[in-house]
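Asker: Take a look at this one; I'll ask things after.
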Amino acid sequence: MNFKITTRNLLVAVLLLMLCALPLFAEKFYVQLFSKILIMGIFAMSLDLLVGYVGLVSLGHAAFFGLAGYCAALLSPQYEAGNFFVSFSAAISICILFALLTGVLALRTKSFYFIMVTLAFAQMIFFIFHDTKIGGGGDGIYIYQKPLLAISGITLLELENFKTFYWFTFGWLIAIYAFLRILLQSHYGHALGGIKVNEHRMRALGYPVFWYKLSAYVIAGSIGGIAGYFNAIQFGFVNPENISWHTSANVLMMVILGGMGSLHGAVFGASVFILLQELISNESMLGSFASHWSLMMGFFIVAVSLFLPNGLTGLFSRGSKK
Amino acid sequence: MSKPVLSARNLTKRFGGLVAVMDVSLDLFKGKVHGVIGTNGAGKSTLTNLLSGDLPPTTGSIFYKGMELFDLPQHRVSRLGIGRSYQKTNIFPAFTVFENVRLAAQALHQRPFQFWKRAGSFADVNQITERAIHAVGLSDKRKIQAFAMSHGEQRQLEIAMCIAGEPEVLLLDEPLAGMGHSEAERMIDLISRLKNDHAIMLIEHDMDAVFSVSDYLTVMVNGQVLESGTPERIRTSDKVQQAYLGYGEDSHV
């Protein structure tokens, strides 16, 4: 691979450096806000793998987000910090299992039916946590201390420190971005691209389409779980809202906002969505109108879908072609 | 004669009350083109779909090199060595010619677990791809997106994708459909070249083409085999004259 020095690459490098240095100059509030953006960026990328690269529109992606979150909460002892490695791997394993179980069934369907089946599975998980006492019912459950990232007593990272937590999630975002990027350029990724465009032909060419889709679904689910896990430990709180279809719809909107089929687009979409949400729900700025922020968000998304069919990243790629 | 590469025995396909293919048997040999002709709705495409694993037969059996293909999913049939082209062009329009064919070549070497390597970095796959593109004469179009090509070129691409899977059997469903005269000639030329190392079933409406390139012909009417034999025999068959060709005694096909 050779990197050319272009204005675009320079801008990206500057942006990355600034993001990396953010905790050094920004206030705690902003560092935490950006941690949330990074986490939602991971979440949006995971859904984009399905929606943008395999053509599978899921409206149940929050199931993974919520399951991993609940796993983090339930495996954290109340008065001391849990073990990061234990709860993290448990959370991801649960997500893989859930993806395998539901994927085998959901992937037998297509288009609208796939949307409905994924939604239905997520709703089941939602009501399990909402209507039973497993995770505190509708009130949710607290994580009093962030898990401890330590090997044989030596603390590697102090996740309680908001700066360290930011850098930690930043590292995960970069790692997941790189992983997905490499994956999508491989034989596997190209086969997914073929499946998205013409599934029937891929089968006729000799591809076991179902296994490709299922594996992509599992990868997307586990990465969604990673996002859910970090979300839970950042806020120290998990409730059924994390699994609700609103959460699924929000992440889908982030992907659409950024532009489907573009990993950085997904991250960008998540950033815009969260910053905008922060801005228009700000009461000191907009007064009582702020409580209607979702209305304004709706208008914004309609406008983007109407005028920028390739999402917000379409804005840049069109500009660079000129 | 040597053993057939692909043979179908008493294939029948019913769609509810409709019998699309009824009791059809045929053999495909390496180095031979087996033409299948028949009116629209005679069951030719359904026959192709049965042989390629797109559809399971209601009754009857298919043997590939003596092994019965029973209940195999389509992708397995394809990887065994039965490649097919489609009557309606069935490609990846937004991909380049090279990527279309590369995906076809990759099917034999899928390597999903070497996910850190770029798709274009496998020499074997690239080589097969280049060979297939060259065989159909699209070498100078390899970087063009498939949708931007003429209909005839897309048909050529379809064949290139078919042979890139390195099949031993080629099921060609109307490869000449909608082609201009010179394009059609080039395609016939290509088919007769492919004949050397493939067993080919050719479905075609262009009578001149079928008779010129086929070694053996099967005529289908209403899902059934009306007659089969060498082109000379078909040409002189009374049954065929009456049922299909339909013209008077002295007209020639």
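The values are calculated or read from the model by the stated rules, or taken from the named source; none is laboratory data. Computed from a predicted structure; not experimentally measured. Counting neighbours? That spans all protein chains shown, and the Cβs are built from the backbone with ideal geometry, glycine included.
Asker: Being within 24 Å of A:Ser215 (Cβ to Cβ), at the interface with chain A (Cβ under 7 Å from one of its Cβ atoms) and surrounded by 15 or more Cβ atoms within 10 Å (Cβ to Cβ) is true for just one of B:Ala119, B:Ala105. Which residue is that?
Answerer: Going through B:Ala119, B:Ala105 in turn, just one is within 24 Å of A:Ser215 (Cβ to Cβ), at the interface with chain A (Cβ under 7 Å from one of its Cβ atoms) and surrounded by 15 or more Cβ atoms within 10 Å (Cβ to Cβ): B:Ala119.
Asker: Quick one: which helices (runs of 4 or more DSSP H) lie wholly within the range A:1-84 and hold at least 1 residues that are touching a His at 6+ places or on another chain (Cβ under 9 Å) and more than 17 Å from A:Tyr229 (Cβ to Cβ)? If you could, list the steps in order and put the result at the bottom.
Answerer: Details: elements: A:7-25, A:28-48, A:62-74.
Hits in the range A:1-84: A:7-25.
Asker: Would you be able to tell me the number of residues in the range B:140-155 that are farther than 14 Å from B:Glu130 by Cα, in a helix (DSSP H, G or I) and either in contact with a strand residue (DSSP E or B) (Cβ under 8 Å, 6 or more places away or on another chain) or of a type outside the set (A, V, I, L, M, F, W, C) (or both)?
Answerer: Residues flagged as farther than 14 Å from B:Glu130 by Cα, in a helix (DSSP H, G or I) and either in contact with a strand residue (DSSP E or B) (Cβ under 8 Å, 6 or more places away or on another chain) or of a type outside the set (A, V, I, L, M, F, W, C) (or both) within the range B:140-155 amount to 6.
Asker: Under the condition of being without any contact (Cβ under 8 Å) to a residue 60 or more places away in the chain, surrounded by fewer than 21 Cβ atoms within 10 Å (Cβ to Cβ) and not small (Gly, Ala, Ser), which residue from the range A:169-196 is farthest from the other protein chains (Cβ to nearest Cβ)?
Answerer: Out of the qualifying residues, it is A:Ile174.
Asker: Further question on the same structure: Could you run through the range B:1-16 and say how many residues are of a type outside the set (Ser, Thr, Tyr) and assigned to a loop (DSSP other than H, G, I, E, B)?
Answerer: Summing the residues that are of a type outside the set (Ser, Thr, Tyr) and assigned to a loop (DSSP other than H, G, I, E, B) in the range B:1-16 gives 5.
Asker: Would you confirm whether or not the range A:13-23 contains a residue that is surrounded by 17 or more Cβ atoms within 10 Å (Cβ to Cβ) and in contact with a Ser or Thr (Cβ under 7 Å, 6 or more places away or on another chain)?
Answerer: Looking through the range A:13-23, none of the residues is surrounded by 17 or more Cβ atoms within 10 Å (Cβ to Cβ) and in contact with a Ser or Thr (Cβ under 7 Å, 6 or more places away or on another chain).
Asker: Next up: Can you pull out every residue in the range A:73-115 that is touching a residue at least 24 places away in the same chain (Cβ under 8 Å) and more than 30 Å from A:Glu160 (Cα to Cα)?
Answerer: Hits for the range A:73-115 are A:Ala99, A:Leu100, A:Thr102, A:Gly103, A:Val104, A:Ala106, A:Leu107, A:Ser111, A:Phe114, A:Ile115.
Asker: Return a yes/no flag: does the range B:68-85 have any residue that is in contact with a strand residue (DSSP E or B) (Cβ under 8 Å, 6 or more places away or on another chain), of a type in the set (D, E, K, R) and either at negative phi or not in a loop (DSSP other than H, G, I, E, B) (or both).
Answerer: For the range B:68-85, residues in contact with a strand residue (DSSP E or B) (Cβ under 8 Å, 6 or more places away or on another chain), of a type in the set (D, E, K, R) and either at negative phi or not in a loop (DSSP other than H, G, I, E, B) (or both): present.
Asker: Among the candidates B:Ile37, B:Ile91, B:Ile62, which residue alone is crowded, with 23+ Cβ neighbours inside 10 Å, part of a strand (DSSP E or B) and modelled with pLDDT of 90 or more?
Answerer: The match here is B:Ile37.
Asker: I need the full set of residues from the range A:154-167 which are without any contact (Cβ under 8 Å) to a residue 12 or more places away in the chain and assigned to a helix (DSSP H, G or I), in order please.
Answerer: Of everything in the range A:154-167, just one residue is without any contact (Cβ under 8 Å) to a residue 12 or more places away in the chain and assigned to a helix (DSSP H, G or I), namely A:Thr164.
Asker: Look through A:His130, A:His200 and report the one residue that is assigned to a helix (DSSP H, G or I), more than 10 Å from every other protein chain (Cβ to nearest Cβ) and either out of contact with any Asp or Glu (no Cβ under 7 Å at 6 or more places or on another chain) or without any contact (Cβ under 8 Å) to a residue 24 or more places away in the chain (or both). Full working, then the answer.
Answerer: Values: A:His200 fails: more than 10 Å from every other protein chain (Cβ to nearest Cβ).
It is A:His130.
Asker: Being among the hydrophobic types (A, V, I, L, M, F, W, C), on the phi < 0 side of the Ramachandran plot and in a loop (DSSP other than H, G, I, E, B) is the requirement here; does B:Ala20 meet it? Walk me through it before giving the result.
Answerer: On the way: among the hydrophobic types (A, V, I, L, M, F, W, C): yes; on the phi < 0 side of the Ramachandran plot: yes; in a loop (DSSP other than H, G, I, E, B): no.
No.
Asker: Here is a further query. If a residue has to be among the charged types (D, E, K, R) and more than 8 Å from chain A (Cβ to nearest Cβ) to count, how many in the range B:77-91 make the cut?
Answerer: 1
Asker: Find the residue count for the range A:203-220, including only residues that are at the interface with chain B (Cβ under 9 Å from one of its Cβ atoms) and either within 21 Å of the chain's Cα centre (by Cα) or in contact (Cβ under 8 Å) with a residue 24 or more places away in the chain (or both).
Answerer: The total comes to 3.
Asker: Right, something else. Looking for something assigned to a helix (DSSP H, G or I) and over 26 Å from B:Asn10 (Cα atoms) - is there at least one such residue anywhere in the range B:228-241?
Answerer: Scanning the range B:228-241 turns up no residue that is assigned to a helix (DSSP H, G or I) and over 26 Å from B:Asn10 (Cα atoms).
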